[in-house]
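> Here it is: the structure, laid out below.
Computed from the coordinates by the stated procedures, all read-outs in this text should not be read as laboratory data. Computed from a predicted model, the values in this text were never measured in an experiment. Here Cβ is always computed from backbone atoms with ideal geometry, including for glycine, and neighbour counts include all displayed protein chains.
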């Protein structure tokens with residue numbers, strides 16, 4: 001069932017809610033099914049590129065319907081969007097949260113951008129996530145990148161208070177996609193941010209982080225963890241493994257079953273880590 005973004009984040013106590021990027025209903029069904037099995041809340045992420053693509057509004061509608069019909073407590077969030085017009089369109093259609101990404105802007109412009117997004121979201125009761133610093137890489141393409149600009153702890157509290165956002169995505173050495181070097185998170189920086197900020201903190205780029213590092217991040221105050229690359233790899237591997245058989249029998253349904261099952265295993269394993277199991 002659909003629940004507010006802030007309610008899901010408020011349920012985390014030495015655990016984190018999983019946010020999984022959905023490119024189609026197979027991935028959404030996998031995330032929702034695994035979450036229902038484990039009794040965990042879940043966030044379905046819709047990338048900005050997917051939403052602005054042809055028929056992207058249909059995908060958002062489908063994700064909302066799937067989440068509402070699911071036994072899992074779920075929210076649908078527009079991810080990494082830097083366009084207020086697109087944010088407004090997603091909110092109008094029912095998105096439960098948006099990631100208003102002004103991280104490439106100068107500080108004052110980032111604050112103003114997120115504040116306007118928060119004003120738009122207030123009309124529907126949706127949640128707003130923001131980013132301070134810069135998380136390197138592309139959330140839709142897995143390529144090796146180095147860490148970007150890091151979040152400045154001294155700015156974090158003022159940024160949230162001035163912008164009206166509900167959740168902060170931190171840059172502490174994490175990247176989208178693959179890590180060029182073995183990942184190394186700045187634990188002192190995360191601790192300094194957590195000490196200054198009462199809002200939930202979000203960690204992007206979790207697909208490339210080893211389990212002990214992910215558990216440590218959650219223990220240090222991360223309340224939301226984004227996962228994408230591992231899902232895409234499982235989906236594509238299942239497609240490659242089963243495509244010949246599916247093509248021979250023109251059996252699209254069987255291919256979808258295999259894709260969903262592969263992604264569901266990844267989501268279930270990730271949810272176990274996020275829950276501290």
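> If you line up the long axis of helix 107-122 against the longest principal axis of the chain, both from Cα atoms, how many degrees apart are they, to the nearest 10?
60
> For residue 13 paired with residue 92, estimate the spin-label separation in nm (one decimal), with each label point 7 Å from Cα along the Cα-to-Cβ line.
It is 4.1 nm.
> Binned at 5 Å from 0, what are the whole-percent values of the Cα-Cα distance distribution for the chain, short to long?
That works out to 1, 6, 14, 17, 21, 18, 12, 6, 3, 1, 1, 0, 0, in percent per bin.
> Something else now. Run the simple label-point estimate for residue 250 and residue 233 please: 7 Å along Cα→C-beta, distance reported in nm.
3.6
> What is the spin-label model distance, in nm, from residue 215 to residue 61 if the labels are put 7 Å beyond Cα along the C-beta direction?
4.5
> While we're looking at this one, here's another question. By per-residue mean of other Cβ atoms within 10 Å, what is the highest-first order of 224-234, 204-214?
Descending packing order for the listed peptides: 224-234, 204-214.
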